Structures are given as C-alpha cells and as structure tokens.
Protein chains: 2
Amino acid sequence: MKTADQVLVKQINKMIVLNTIYKKRPISRAEIAKFTGLNKSTVSALVDELLTEELVLEMGTGESQGGRKPVNLSINKEVGNIIGIDLGVNYILSIMTNFAGEIIWEKRIDLLHTHTSPGQRIADLQTLIQETIENASQTVRGIIGIGIGVPGIVNYEQGLILSAPNLGWENIELRSIIEQKFGVPVFIDNEANAGAIGEKWFGAGKRADEFLYISAGTGIGAGIIINNELYRGSRGLAGEIGHMTVSLDGVPCSCGNTGCWEEYSSEKALFRYMKEHICVEDLTIFNVIDNAIAGDDVSRRAFEYVGKYLGIGVANLINAFNPQLVIIGNSLPLAGDILMDELRKEAEKRCFASKYFSVKILPSQLNIHACAIGAAALVISRLYASPVS
Amino acid sequence: MKTADQVLVKQINKMIVLNTIYKKRPISRAEIAKFTGLNKSTVSALVDELLTEELVLEMGTGESQGGRKPVNLSINKEVGNIIGIDLGVNYILSIMTNFAGEIIWEKRIDLLHTHTSPGQRIADLQTLIQETIENASQTVRGIIGIGIGVPGIVNYEQGLILSAPNLGWENIELRSIIEQKFGVPVFIDNEANAGAIGEKWFGAGKRADEFLYISAGTGIGAGIIINNELYRGSRGLAGEIGHMTVSLDGVPCSCGNTGCWEEYSSEKALFRYMKEHICVEDLTIFNVIDNAIAGDDVSRRAFEYVGKYLGIGVANLINAFNPQLVIIGNSLPLAGDILMDELRKEAEKRCFASKYFSVKILPSQLNIHACAIGAAALVISRLYASPVS
DNA sequence: AATTAGTTTATCGCATAAACAAACTAATTG
DNA sequence: CAATTAGTTTGTTTATGCGATAAACTAATT
C-alpha cells in the first residue's frame, strides 16, 4: 500500500519547486518561498539539488526593491532533447523539443499511398526518428526520451497498441520495438490524451485544473484532465466518446450502432455533407478548410453543420464533467470561427451549467502540433511530474 | 500552495491505519503492519492515538499461530451517532446510524400534499431531525453530525442549495439553518452524489476505485467516483447528465431542448409510456413496480422501454469515463431484472469498451437507503477521510 | 526452543524557525 | 556632493522537533 514517509515529502516539495520555476521563470528563491509557502531554507536546499542535477540554472540577477538583488533561477532548457511523434493516419509528424517544450526541429512526412503492412509504417517511423536524432543539438543528457501519440486504443503502462483500426494495427508492442532500436525511454499514448497533455503543459489549458480536449479529426476522441492530471479511467479507455449516441435512430455507424457522435461531427461527417451537397471533387480536409475560409458556400455550410453537432456532444460532456474549459483540437478547428461560432451556440443552448455560469470553449492553441508536443510532454512529465496551475 | 510536511505524512498513515481497521476488522497490529507495509512500531504508535481518541477498540485476542496471541482491533461503533437525511420530492427519510454506518433507527414521512412554502418543508425536516435525535443511544460523542442529500444543485463547500426545482427551492442556506438549530456540523450534497458515496462506503461500490452511480428516479443524475473519491467537477456540477442529448430531434424537454435523456429514462418517461398505452390510472412509482413484478404486461413493457433508453445513456457514460462498475440506484431499479436485463443488453451493444472487456452494471445494494446512508457517510468521511479499496 | 506479537530505544531524514551574513536602497548629515 | 547611517531584502547556517524505521527488547504462546 502506498504509505507516506519523508521521501514522499521531499519528492512533493521538490516537484513543487521545479514546477514553480518552470511556470514563473525567471524567479528568485525568495519569491518561490513566498509563492509556495515553503520555508526559505527548504527552498534553498531543494534548489541546490536541482542546480547540481542541472535541471535548473542561475541566470544573472533581478532588480532590487530596496535590498539585496535576487538571483534569477530558470530551467535549463538545454539539459536534454525530447522527441515527440504524432502518428497520423496518412502522415507522421516528428518534432524535437528542448526541455522547455520549445520546438527546435520538426519534419512531417506524408503517407498518401496507403501502406499495406504495419511493418512498412514502423520502418518509416524509425527512419524519421533516426533523422530527428541526427538533428539534435549537443546537450548534457542527449535524447531524454521519445513520446508517441497514436490514433487508437493504447495500453499506456505497457506501451502496447491494442487496436488502431485506421492504421490497420492490432496488438503492436510499439514501446519495446522503439526502445530496443534507439535505447531511450519511450512513452505511448492515445492521440487525444497526448493532445490534452500538450495543451495542459504548453497550450490553452495551462491554467485550468479540469478541462476536456476534444480531438475532432478523422474520428473524435477526448483527453480528460482532472485535478491537473490526465484521467485514463479504470482500463485506459476513458474519453473514447466517438461512439456516444446522440441520435437514437440516426445515421448508421461502422460500429454497428446508429446515431454515433462521430458520424455527425468528424471529417467523415464533413465529407458526407459535402458529397450530399453537390460537391463531388476529391478534396483533402485542408482543401475544404481553405475553401471555407476563402468563402466557399458549400464548405462553410459543411463546417456549420459539423459545428452544430460538435456542440451537442460537447454540451453532453460538459454536463457530465463540469470542466472549467473545453479545448477543440485536431483538424476541424483549423476552420476557425466558421466552426467555433456554431459549436459554441449549440453547446451553450444545450448545456445545463450555462444557466449558472458559462464554460469557455476554445480552439487548440498548439494546432497541428498539439499531439506531437503532448507526446514530448509525456516524456518531460516523468521528470517534472504534473504541473500545478 | 499545498506543500508536504511531516504532519501530512502522519495524517496519511493514520488514515491508512484507520481505514484498514475499518475494512478488515477484526485485525491485529501485526496484520496491519504486514498489509500496509508500515513498520510495526509506526502502527503501534498510530493505533495508540486512535485508542485514546476512542475511534478504535481492543476486542479480545485472536487465534495464535504458534506464538503470542494477536490483540484484535475494531472500530468503536458506539463512539457516536450520525444522522443521514434523504430529502425527497414527496417524502423525507431520516436515518440514525452508528459509526459503522449501520442503521439503528429510521423514519420516513410522506409529504403527499404539495407544500407551498419552502419554510413549511424545512419545518417538517427540523421536526423529523429532532425526533431522530431523541431516539439516539448514549455514546461517547453524541451526535457527530448531520448529512443531507438534496435533489438539486448544491454548493457543497458552503452548504447552499442553489436550485431544487422539484422542491421549489432557490438559494436556501440549508447548512446554516440546520447547524444553528441543532448545533452540530451539517453536510449538504446532491442526492446522486450522496448515493454514490453511500455505495462506495457501504454498498456495491466498496471495492471499486472508479464507478458511476446513476440515480434514476423522478429525474436522472449521476454521482461519479474517481480514484476512490467523489468527483464534483470545477464548480460542483459534474454528473448533471439528465439533459444529455440522446435523440437529436426527440421528445421536447422542460429545459427547452429536445431529446434529453431524462425524457426517456426517468419516472417521467415511465409514466408517459403508461399513459400512451391505455393505462390512465393515477399510480405511484411503487404501484407500477409492484404491478410489473406481479406480471402486469403494460407495466413490464414500460420498464423494458425505460431500461433500453437507460442503457443507451449508460453506454455513453461508460465510453466517457471507463469505470470499473456502474450502479443503478433510486426508484427504477427496484423493478429488478425487468429493467436491468434490457438496460444491460442495450448498454453492452452500444458500449465501445465492451469489445475489450465487459463493465459490470449492478442495481444499488442499499436500495431506498442509498441517499440517506450516503448522507451519513458524508459525515463519517470527515473523520475517516476517503476509504481505500 | 521456536515463533509470533507488540514495545522501547536510538537513529536518520526532512521541514522549519531563528539567527545570521551579504547586498542593496534611500534618507540624512556635514 | 560624498560619507554615513538606517532599513530592507536575499539567501545561508544552525539548532530543534517530528515522524518513520530498524534493531533490540519483552511478552505470550505452541
């Protein structure tokens, strides 16, 4: 059983100090003590350890307010590099970040020709990771780890992909494959979970203890942040809300049921709407977004259609979770207010809580980088633990 | 900020010891040490404190397995009494429990004639609490506190009822009213939250870290247990899922929208179905349940109808929360398998996770007492903290 | 004699308060 | 204006208290 002792006390306080430096840098020891409530001497001792671990740096002095000048502390961005992978259905995005989550290199490869074998795709992934590593800068610790966001069902603890239907993957031990190849720690998580963590650490969710990240792309999934941490549920399947019933006898879904949310609010729904309304061209989602922004009528109405139904599902989730904030991510929100206005209108109308206060609904701040940055944050969070707002 | 120190360490470990005694009584110091991983001397010291606080008792010795006999420890059930109130729409149920959550006295008063004023109902409540107190047994600490479960929106921290439309209440400071009258600590929570806590402490949810308690009665609400604790959301409105959209252009709801779950799965829906199918009698929910169990055809089909739609919403919630367990409480599950069979069938069909493993869906173990026992558990949990499974 | 239960004692690690040293600003003084 | 002084802020050092622990102990039982 998880009992408490002094080791735990120190761990907690050290994480609090590190997170405080992370969030408020540059900051002095005295300010940390004031902000956290920890004693000055405690802060000094913990900061000393962080300095010898090279996670933190002293960077000059701040302005004096009538006394000794404070010593500015900041995190050591260059202590190591992290690789974050967004494993898309028809692309792979690889980013290299420093320890502050700042992107220092990135490359996206498109896989337009559907690969038949999982083996080929994994080979592509490995080649891309190799190239990313070769572009790393010189740091104290080198590559700290690799995080991978996957569109499918994942066993997070074991780094196992149970099922990724859009990739045609079943039971792939991705973590051990990549760990063996590159010899650094690897973390695998669901694409929506990675997006949520990305927004929590570096995006629109920084200051929210409780929020939902809705990944609206090929399908729909949710990453749930509760109490500043990702909530995975009892078996890691929390947030699999693509097949939430919103219309009892509605559109038939590939899952065998009818009226699944995904059939009304994903790229699938968008393209279906487009086809039903004259447009027969073979377009990518980015084409439709560009057209909508350029003012094309059918494209705009398609986004309004999808936005409305997104709003309905979002309202359902707000009623269930009562979050501070909902962040809409992945491809669809790239259409901007064309989608978001309709979404907000419908969500507000159907949201029980909106009688008492309004819930903020924002588009992703990290846009197409959300998943990859979140994957990198998976690695960082191992050292930082969970950020406290 | 919530930093860690030795006080925290002790609190945590003391709660672990108390909870272990609570769950495994009778148990010896040595067994506690083995089970928790705490050192023998630590356990002894903490048990000593619990003994002087009279929360725990030494009760004889256990069997020796070739050595000194262990001293059995148990909680002191008689340390004090707790009052739990289920404030129904047309009844008030008051129970008196001992410190082990065992009901030692109870009384239910029915309020068939609708009260016009909140004042009258509060007077009735106070009279009933007074009568309950008069029936308390002699204990060390007397009445430890009063817990109240309310069908409405509650501010838990302030003990404020924001809105209980079915009672005609708005902004009632129930905690301070009752605290001033009786001079003991009072805890107010939503009826579904209370039910969830009741099932967690004393019912079907004892061994589950994550579960949902669905209160299906006049309306529908959910109590959400995450990580052994009640999840209230950012503003205390989590679980307000009665107005989840399940049918885009479905039945109009009093809330102004269409297709709300509550319109398909509550007593409201049951009675609507009954009226639509010949039955014009003026029946209570208990009449319909009795008739269904006795084999009345319309009543049975009414429960099957409601069960199906309950299952759809339950599947939605399972997809979102991925709990270990779902408990169905309040009045409807009193119909037993007539309701539950249909519910389970539909939930399984629409539940994404059921492809990977099945989620248990059980009727409440505390039945009509769930809310009142949960209200009492609100008080107990202040001393025990959250139980660890 | 061996084993198990529970207590006592000495020790270690951590946070903390209080005392201290260092570094700086601002007001005062001749 | 330069020198002095008071006061403030930053950060370190030192002594203390508290909690968990291991080891040595007593107690009770087969």
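The values are calculated or read from the model by the stated rules, or taken from the named source; none is laboratory data. Remember, predicted model here, so these are calculated numbers, not experimental data. So basically every Cβ, Gly included, is an ideal-geometry build from the backbone, and we count neighbours across all protein chains shown. All accessible areas refer to the heavy atoms of the entire protein, side chains included, with ligands and DNA or RNA removed. Shrake-Rupley method; radii C 1.70, N 1.55, O 1.52, S 1.80 Å.
In the stretch B:244-282, burial by the other protein chains removes 10 Å² or more of 1.4 Å probe accessible surface, compared with the chain on its own, from B:Met244, B:Thr245, B:Val246, B:Ser247, B:Leu248, B:Cys255, B:Asn257, B:Thr258. With an a/c value of 1.5 or above and a/b not larger than b/c for the gyration tensor axes a ≥ b ≥ c computed over the alpha-carbon atoms, the stretch B:203-313 is described as oblate. Between chain A and chain B, roughly 5100 Å² of accessible surface gets buried, counting both sides and using a 1.4 Å probe. If R0 is taken as 51 Å, the Cβ-Cβ distance between A:Gln130 and B:Val7 corresponds to a FRET efficiency of 0.50.
The Cβ shell under 12 Å around A:Gly217 holds other residues with a net charge of -3, Lys and Arg each +1, Asp and Glu each -1.
When the residues A:Tyr264, A:Tyr309 are ordered by accessible surface, computed with a 1.4 Å probe over the protein chains alone, the sequence from largest down reads A:Tyr309, A:Tyr264.
Comparing A:Ala33, A:Ala100, A:Ala377 in a Gaussian network model of chain A (Cα springs below 10 Å), the most mobile by mean-square fluctuation is A:Ala33.
Interface burial in the stretch A:1-37 reaches 20 Å² or more for A:Met1, A:Thr3, A:Ala4, A:Gln6, A:Val9, A:Ile12, A:Asn13, A:Ile16, A:Phe35, A:Thr36, comparing the full protein assembly with the chain by itself; accessible area from heavy atoms with a 1.4 Å probe.
Charged side chains reduced to their Cβ positions (Lys and Arg at +1, Asp and Glu at -1) give the protein assembly as shown a dipole of some 2000 debye around its Cα centre. A Förster radius of 60 Å combined with the Cβ-Cβ distance from B:Arg207 to A:Ile293 puts the calculated FRET efficiency at roughly 0.65.
Available extension along the chain between A:Gln365 and A:Asn39 is 113.7 nm, counting 0.36 nm per residue and deducting the alpha carbon span.
Rolling a 1.4 angstrom probe over the protein assembly as shown with all protein chains present gives an accessible area of which 49% lies on carbon and sulfur atoms.
Our summary gives the stretch B:83-201 a relative contact order of 23 percent, counting only alpha carbon pairs under 8 angstrom and 6 or more residues apart.
For the stretch B:150-210, the relative contact order is 28 percent, taking Cα pairs closer than 8 Å that sit 6 or more residues apart in sequence and dividing their mean separation by the residue count. When nucleic acids and ligands are ignored and a 1.4 Å probe is applied, B:Thr218 ends up with an accessible area of around 60 Å². Only one residue of B:Gly295, B:Leu283, B:Leu362 has its Cα farthest out toward the positive end of the dipole of the stretch B:272-389, where Lys and Arg carry +1 and Asp and Glu -1 on Cβ, and that residue is B:Leu362.
Positive end of the dipole of the stretch A:212-289 (Cβ unit charges, origin at the Cα centre): among A:Cys255, A:Asn228, A:Thr218, the Cα lying farthest that way belongs to A:Asn228. For the stretch B:206-365, the solvent-accessible area works out to 38 Å² per residue, with a probe of 1.4 Å and every protein chain left in place. Remark: for residue pairs B:Lys308/B:Lys360; A:Lys2/B:Lys34; A:Lys14/B:Lys14; A:Lys10/A:Lys200; A:Lys2/B:Lys23, the C-alpha separation exceeds 21 Å in A:Lys14/B:Lys14; A:Lys10/A:Lys200. Ranked from largest to smallest solvent-accessible area, with a 1.4 Å probe on the protein heavy atoms, B:Lys14, A:Lys268 come out as A:Lys268, B:Lys14. Structural descriptor for chain B: relative contact order 16 percent, calculated from alpha carbon pairs under 8 angstrom and at least 6 residues apart. Placing a label point 7 Å from Cα along the Cα-to-Cβ axis, B:Ser176 is separated from the same position in the other copies by 6.3 nm, shortest listed first.
DSSP H helices in chain A with Cα extent of 30 Å or more along the helix axis and mean Kyte-Doolittle hydropathy at least -1.0? What comes out of the filter, once short or polar helices are dropped, is A:297-321.
Computed from point charges on the beta carbon alone (+1 for Lys and Arg, -1 for Asp and Glu), the dipole magnitude for the stretch B:6-75 about its Cα centre is near 280 Debye.
For the stretch B:1-102, applying the loop criterion from DSSP together with a ceiling of 13 other beta carbons within 10 Å to the GluC sites (Glu not before Pro) yields B:Glu63, B:Glu102.
Computed over neighbours whose Cβ is under 12 Å from that of B:Ile109, the net charge equals -2, Lys and Arg +1, Asp and Glu -1.
Largest GNM mean-square fluctuation across B:Lys181, B:Lys206, B:Lys23, computed for chain B with C-alpha springs under 10 Å, falls on B:Lys181. A crude spin-label estimate for the pair A:His277 and B:Cys255, with each label 7 Å from Cα along the Cβ direction, gives 2.8 nm.
Considering only A:Tyr273, A:Tyr22, A:Tyr356, the Gaussian network model of chain A with Cα springs below 10 Å gives its largest mean-square fluctuation to A:Tyr356.
The helix-only estimate of mean residue ellipticity at 222 nm for chain B, built from DSSP H runs of length n ≥ 4 each weighted as -39500 (n - 2.57), is -12500 deg cm²/dmol after division by the residue total.
How much FRET efficiency would the formula 1/(1 + (r/R0)^6) give for A:Asn166 and B:Glu229, where r is the Cβ-Cβ distance and R0 is 35 Å, rounded to 0.05?
Calculated transfer efficiency: 0.45.
Give, rounded to the nearest 20 debye, the magnitude of the charge dipole that chain A has about its Cα centre when Lys and Arg contribute +1 at Cβ and Asp and Glu contribute -1 at Cβ. Write down the numbers at each step before the final one.
Values: 36 positive and 43 negative charges, 296 e Å.
In total the dipole reaches around 1420 debye.
Solvent-accessible area per residue in the stretch A:6-75 equals 55 Å², computed with a 1.4 angstrom probe and all protein chains kept. For the pair the stretch A:323-368 / the stretch B:26-86, the C-alpha centres are spaced 52 Å from each other.
Using the Cα centre of the protein assembly as shown as origin and beta-carbon charges of +1 (Lys, Arg) and -1 (Asp, Glu), tell me which of A:Leu332, A:Ile85, A:Gly101 is placed farthest towards the positive end of the dipole. Working it through, the farthest residue towards the positive pole turns out to be A:Gly101.
Other residues with beta-carbon under 11 Å from the beta-carbon of B:Ala292 carry, at +1 per Lys or Arg and -1 per Asp or Glu, a net charge of -3.
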